[in-house]
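This report concerns only the one structure given below.
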Amino acid sequence: MDLAYLALLGAMLTIATPLLLAALGELVCERAGLLNLGIEGTMYAGAFSGFAVAHQTGSPWAGLVAALVVGMVAGLFVGLLTIGLGVNQHVAGIGTTLLLIASCDFINRLQYGGGSVPKVPKFELLLKDTPVASQYLLTYVAFLVIAPVVFVTLRATGFGLRLRAVGENPEAADAAGVRVAGTRYAALAIGGTLMAAGGAFLTLALLGSFTLNITNGRGWVCIALVIFARWRVIPVVAGALLFAFVDALQLQLVITSAFSGVPREVMIALPYVVVIVALAVTGRNLTYPGAYLQPYRRS
Amino acid sequence: MSAPCSAQPDRSRGHSRMRRSRRFAGLSALIAVALLAAACGGNTGDSKGSSSDVPLVYGVFATPLEEPWDGAIHTALKAADADGDIVYKYTDNNDSPDKMTRTLRDLIANEEPDIIFGDAFAAEDAVREVAADSEDTTFVFGSGEKPAGPNLSTFDNWMQDPAYLAGMLSGGMTTSNVIGVVAALPIPEVNRIVNAYIEGVKETNPQATVKVTFINSFFDPTTAKQAALAQVSQGADILFAERAGVIEAAVEKDLPVIGMMVDQKDEAPENVVTSLVWNMRPTIDHVVDKVKAGSLPSTDLAEFSFMKHDGSSLAPINTDVPGGVPDELLQQIDDKKAAILDGSFETPVDEDAPAGSTTVGE
């Protein structure tokens with residue numbers, strides 16, 4: 001079978017980038033005890049706001065900054081609902097996703113409705129024509145900067161310790177003088193920023209334009225990845241790479257003569273099947289963060 | 001997700017019942033706002049008064065207008081409105097049969113449109129049921145099925161003619177003898193375009209292999225781009241972008257690419273060699289003329305999308321693309337186009353799903 005193996009590895013890194021960024025964002029939230037189901041909407045809002053601001057300003061950097069700010073605000077909004085108002089986290093998260101996607105589609109219609117969507121300046125590939133290493137800057141940043149920083153921060157800094165403490169046992173953290181609500185807001189702000197960065201990667205690096213449904217469920221894949229990784233950073237990186245590898249592999253396999261006979265639906269489902277199987281194998285006897293899904297009120 | 005659901009909060013102590021209900025009210029209000037925003041997906045066009053001699057035409061679309069297929073109809077109807085031939089209003093995102101039914105019945109009762117254009121693929125039965133109950137309204141719907149009753153005519157994007165010509169062009173341009181096609185879903189209206197394209201490749205290059213990827217979505221340009229890059233990694237040196245995202249891959253790899261639906265040359269002037277263009281205007285003009293003259297009997301309007309009726313075309317060929325286009329090939333395509341227009345060549349129509357990899361000569 002004539003597969004292009006180097007291209008496969010390159011595609012794996014590209015496809016994994018938005019998943020890794022958003023999944024790390026989700027991991028930070030969940031380690032603080034907050035399931036942020038606003039992830040899909042936050043990615044979408046990051047993708048759209050990055051695109052729209054890049055279009056207005058002519059600079060992908062300005063677009064990226066705008067996307068990060070929008071992501072942070074989206075995270076704080078989920079915080080307002082779940083921490084400030086004590087709303088059920090499932091409802092708050094899904095409501096946020098619906099709100100953000102509908103708002104972006106609405107603004108998109110007002111701004112670009114009917115006509116063709118403009119091309120915006122985008123980030124170019126680094127090391128063009130080098131196999132595997134030819135990637136966007138955000139891919140390098142995600143794997144070489146953000147993942148290690150999240151890993152070290154959670155494991156070895158005071159802030160990381162406080163964040164994990166409010167996710168495991170907010171009463172004890174509170175008694176020890178940790179500001180529970182403040183720490184959780186910070187986790188959501190950081191998480192939202194990372195999710196939006198994942199979305200902005202789609203519009204500002206991969207495409208340089210925007211279409212409806214651009215995230216296409218990637219946020220939900222990230223939720224599964226975080227559980228699959230048991231809320232640890234290195235397995236999140238591995239999970240994102242695994243999903244992306246199978247996705248890149250099926251894109252190559254469907255166009256080989258050997259696999260022409262296999263129903264396409266099976267091939268397209270393959271990455272999802274792999275994630276579900278991986279979850280079924282590793283996801284038994286999960287130990288959730290101790291205060292997962294629980295609002296905290298000082299009694 | 002059942003495990004987290006069962007671990008519902010039980011540590012939040014010390015609320016008074018009063019505070020809890022105030023919070024509940026706040027939450028309800030927020031959810032209501034969120035749902036309202038989500039429900040406002042469907043947009044209605046500007047309202048204008050309808051005078052008796054200019055028919056009121058409604059576009060009732062299942063997908064958002066941003067989808068290129070409905071976008072092509074919308075663009076043509078807007079142009080007809082600007083020319084003063086019709087008064088045009090629209091609604092989109094009627095993406096389920098019940099929504100489609102409700103929208104159609106509501107419109108017919110309240111606005112009494114003379115003609116309704118739309119796409120019935122996602123709601124064939126619903127559209128047919130409403131049409132049967134509303135014989136005073138002319139229904140013109142994109143459909144995979146036959147016309148029905150006295151008032152339901154059908155059309156579709158029958159673009160096999162420009163697809164065949166684009167295939168000839170691709171077959172003549174490739175030097176690796178590998179060609180990539182990225183398309184939405186293996187449904188008849190997509191299959192016949194891809195199959196005609198493959199037939200065209202066969203005419204100019206019987207050694208070529210055509211690789212076809214379906215991304216299973218109308219909107220997923222990032223996956224479409226990755227699919228195109230996978231084809232390039234397996235040797236494809238010219239791409240057919242049935243979906244958005246492929247042109248970006250062609251730009252990245254500096255390869256020629258064929259666009260779809262509208263002339264996409266502006267998106268990448270150094271890479272887009274031509275585009276398959278769908279022009280709904282002949283279909284619309286025929287329908288409006290008939291309705292103005294009395295009524296349109298239920299008709300299969302397919303041929304109004306054919307090249308010979310100017311319903312579809314190949315955009316002007318851009319020779320400033322990587323590798324260039326040989327003059328001899330341009331002549332061959334011109335000759336074939338003339339044969340299509342004078343009726344001496346009829347492009348074959350095949351609606352079966354093409355294979356992931358087809359060596360055309362075999």
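From the residues in the stretch B:234-244 that are buried (at least 24 other Cβ atoms within 10 Å of the Cβ) and either at pLDDT below 95 or in contact with a Cys (Cβ under 9 Å, 6 or more places away or on another chain) (or both), which one is nearest to the other protein chains (Cβ to nearest Cβ)?
It comes out as B:A244.
Take the residues of the stretch B:205-231 that are facing chain A (nearest Cβ under 7 Å) and farther than 14 Å from B:V181 by Cα: which is modelled with the lowest pLDDT?
The extreme case among them is B:F219.
Looking at (1) surrounded by 21 or more Cβ atoms within 10 Å (Cβ to Cβ); (2) of a type outside the set (F, W, Y); (3) at positive phi, find the lone condition where A:Q252 falls short.
Result: A:Q252 fails condition (3) only.
Give all pairs with beta carbons closer than 6 Å in which a residue from the stretch A:274-299 that is facing chain B (nearest Cβ under 8 Å) meets a residue that is part of a loop (DSSP other than H, G, I, E, B) and of a type in the set (D, E, K, R); count only pairs at least 6 apart in sequence or on separate chains.
Qualifying pairs under 6 Å: A:Q294/B:R11; A:S299/B:R13.
Can you confirm whether A:I190 is in contact with a strand residue (DSSP E or B) (Cβ under 7 Å, 6 or more places away or on another chain) and either part of a helix (DSSP H, G or I) or over 23 Å from A:T139 (Cα atoms) (or both)?
Taking the combined requirement at face value, the residue does not satisfy it.
So which of B:D285, B:D254 is surrounded by fewer than 22 Cβ atoms within 10 Å (Cβ to Cβ), touching a residue at least 24 places away in the same chain (Cβ under 8 Å) and either touching a Cys at 6+ places or on another chain (Cβ under 8 Å) or within 13 Å of chain A (Cβ to nearest Cβ) (or both)?
From the options B:D285, B:D254, the qualifying one is B:D254.
Does any residue in the stretch A:210-224 that is in contact (Cβ under 8 Å) with a residue 24 or more places away in the chain come within less than 8 Å, Cβ to Cβ, of a residue that is among the aliphatic types (A, V, I, L, M) and surrounded by fewer than 22 Cβ atoms within 10 Å (Cβ to Cβ) six or more places away or on a different chain, and which pairs are these?
A:F210/A:V117; A:T211/A:V117; A:V221/A:V275; A:A224/A:V275; A:A224/A:I276; A:A224/A:L279
Is there a residue being under 18 Å from the mean Cα position of the chain (by Cα), surrounded by fewer than 18 Cβ atoms within 10 Å (Cβ to Cβ) and free of Cβ contacts under 8 Å to residues at least 60 places away in the same chain anywhere in the stretch B:123-139?
yes
Can you say whether B:S52 is at pLDDT below 95, over 29 Å from B:I187 (Cα atoms) and polar (S, T, N, Q), as far as the supplied structure shows?
yes
Please tell me if A:R218 is within 14 Å of chain B (Cβ to nearest Cβ), among the charged types (D, E, K, R) and farther than 30 Å from B:A353 by Cβ.
no
Could you look through the stretch A:114-129, keep only residues that are closer than 15 Å to A:S209 by Cβ and within 8 Å of another protein chain (Cβ to nearest Cβ), and pick out the one that is modelled with the lowest pLDDT?
A:S116
Can you name every residue in the stretch A:140-168 that is under 15 Å from A:R297 (Cα atoms) and surrounded by 19 or more Cβ atoms within 10 Å (Cβ to Cβ)?
Answer for the stretch A:140-168, where residues must be under 15 Å from A:R297 (Cα atoms) and surrounded by 19 or more Cβ atoms within 10 Å (Cβ to Cβ): A:V166, A:G167.
Which of the residues belonging to the stretch A:29-73 are of a type in the set (G, A, S), touching a Pro at 6+ places or on another chain (Cβ under 7 Å) and outside any helix (DSSP H, G or I)?
A:G33, A:G58, A:S59
Among A:P148, A:P118, which is in contact with a helix residue (DSSP H, G or I) (Cβ under 9 Å, 6 or more places away or on another chain) and over 30 Å from A:Y5 (Cβ atoms)?
Residue meeting the stated conditions: A:P118.
Can you tell me which condition A:V141 does not meet? The list is (1) of a type in the set (A, V, I, L, M, F, W, C); (2) within 13 Å of another protein chain (Cβ to nearest Cβ); (3) assigned to a helix (DSSP H, G or I), and all the others hold.
The one condition A:V141 does not meet is (2).
Looking at the stretch A:131-187 only, could you name the residues that are over 22 Å from A:L76 (Cβ atoms) and among the β-branched types (V, I, T)?
Passing the criteria: A:V132, A:T139, A:V141, A:V145, A:V152.
Would you be able to tell me the number of residues in the stretch A:78-99 that are crowded, with 22+ Cβ neighbours inside 10 Å, within 10 Å of chain B (Cβ to nearest Cβ) and in a helix (DSSP H, G or I)?
Final tally of qualifying residues: 7.
Provide a single number: the residues in the stretch B:260-274 that are at pLDDT 95 or above and touching a Lys or Arg at 6+ places or on another chain (Cβ under 7 Å).
1
Give A:G33, A:G50 a once-over and let me know the one that is crowded, with 24+ Cβ neighbours inside 10 Å, touching a residue at least 12 places away in the same chain (Cβ under 8 Å) and either more than 11 Å from chain B (Cβ to nearest Cβ) or under 17 Å from the mean Cα position of the chain (by Cα) (or both).
On inspection, the qualifying residue turns out to be A:G50.
Determine, yes or no, whether A:T256 is within 11 Å of chain B (Cβ to nearest Cβ) and more than 27 Å from A:G63 (Cβ to Cβ).
The answer is yes for A:T256.
I'd like the residue in the stretch A:254-299 that is hydrophobic (A, V, I, L, M, F, W, C) and in contact with a Lys or Arg (Cβ under 9 Å, 6 or more places away or on another chain) and, out of all such residues, is modelled with the lowest pLDDT.
The selected residue is A:L286.
I need a count of the residues in the stretch B:59-101 that are outside any helix (DSSP H, G or I), under 17 Å from the mean Cα position of the chain (by Cα) and within 21 Å of B:T138 (Cβ to Cβ).
8
Determine whether the stretch A:134-141 contains at least one residue that is of a type in the set (G, A, S) and touching a residue at least 12 places away in the same chain (Cβ under 8 Å).
yes
The values are calculated or read from the model by the stated rules, or taken from the named source; none is laboratory data. Since the structure is predicted, the reported quantities are computational estimates derived from the model, not experimental observations. Note that we place each Cβ from the backbone using ideal geometry, even for glycine, and neighbour counts take in every protein chain shown.
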